[in-house]
1. Would you confirm whether or not the stretch 37-55 contains a residue that is touching a Ser or Thr at 6+ places or on another chain (Cβ under 8 Å), open to solvent by less than 90 Å² (accessible area, probe 1.4 Å) and aromatic (F, W, Y)?
2. Name the single residue that is modelled with the lowest pLDDT among those in the stretch 71-100 being within 30 Å of R28 (Cα to Cα) and of a type in the set (S, T, N, Q).
3. Can L103 be described as in a helix (DSSP H, G or I), modelled with pLDDT of 90 or more and open to solvent by 80 Å² or more (accessible area, probe 1.4 Å)?
Amino acid sequence: MRIGELAEAVGVSTDTVRFYERSGWLPRASRRDNTYREYGPADVEHLRLIIDLRRLDLPLEDAARIAGWCHSGHCSDSTAELPRMIEERRVEIADRITGLQALDARLAGLLGHLGRPRRSLAVLDGPCCEAADAVVGAVEGGCPCCSSSLVLAE
């Protein structure tokens with residue numbers, strides 16, 4: 001099968017196939033007399049495994065290494081290493097979720113401040129508007145509209 005057929009069978013672009021081949025993550029295809037790449041069923045399965053591992057958000061190098069082990073008869077290495085890689089990804093995802101929840105809480109607080117009427121006079125050399133004032137304060141960890149030290153007049 002030619003490169004377009006391989007790409008279609010796996011659901012990627014021909015550029016992706018060429019990139020994986022150039023990078024050494026997909027074995028180099030044999031060439032016909034007319035210089036077209038020729039791929040076989042093993043190439044389809046190899047590339048499909050890499051793509052499926054990438055869809056699990058494994059780094060490309062790890063996905064390619066697992067696929068390489070599988071298709072070169074080192075299944076025990078894949079079987080031993082894949083659970084560790086998956087656990088690492090789960091820890092990273094849990095950390096990202098925690099960070100995103102904290103960011104969501106900060107954004108919710110900021111949104112609440114942006115809807116409040118301004119309670120202080122503008123401070124010289126301060127933010128140019130209420131929105132900028134709220135953002136700068138939220139990023140710095142303080143709330144400019146609720147801080148008693150910044151309130152000059154009600």
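The values are calculated or read from the model by the stated rules, or taken from the named source; none is laboratory data. Because the structure is predicted, anything quoted here is derived from the model rather than measured. When we count neighbours, we look across all protein chains shown, and the Cβ atoms used for this are built from the backbone with ideal geometry, even at glycine. Protein only, heavy atoms only, side chains kept; ligands, DNA and RNA dropped before computing areas. Shrake-Rupley method; radii C 1.70, N 1.55, O 1.52, S 1.80 Å.
1. Of the residues in the stretch 37-55, the ones touching a Ser or Thr at 6+ places or on another chain (Cβ under 8 Å) are 37-38.
Now drop any that are not open to solvent by less than 90 Å² (accessible area, probe 1.4 Å), which leaves 37-38.
Filter once more, keeping what is aromatic (F, W, Y): none.
For the stretch 37-55, residues touching a Ser or Thr at 6+ places or on another chain (Cβ under 8 Å), open to solvent by less than 90 Å² (accessible area, probe 1.4 Å) and aromatic (F, W, Y): absent.
2. Narrowing the stretch 71-100 to residues within 30 Å of R28 (Cα to Cα): 71-86, 89.
Next, from what is left, pick out any that are of a type in the set (S, T, N, Q): 72, 76, 78-79.
Working: S72: 86, S76: 90, S78: 91, T79: 91.
In this case the residue turns out to be S72.
3. On the way: in a helix (DSSP H, G or I): yes; modelled with pLDDT of 90 or more: yes; open to solvent by 80 Å² or more (accessible area, probe 1.4 Å): no.
Answer is no for this residue.
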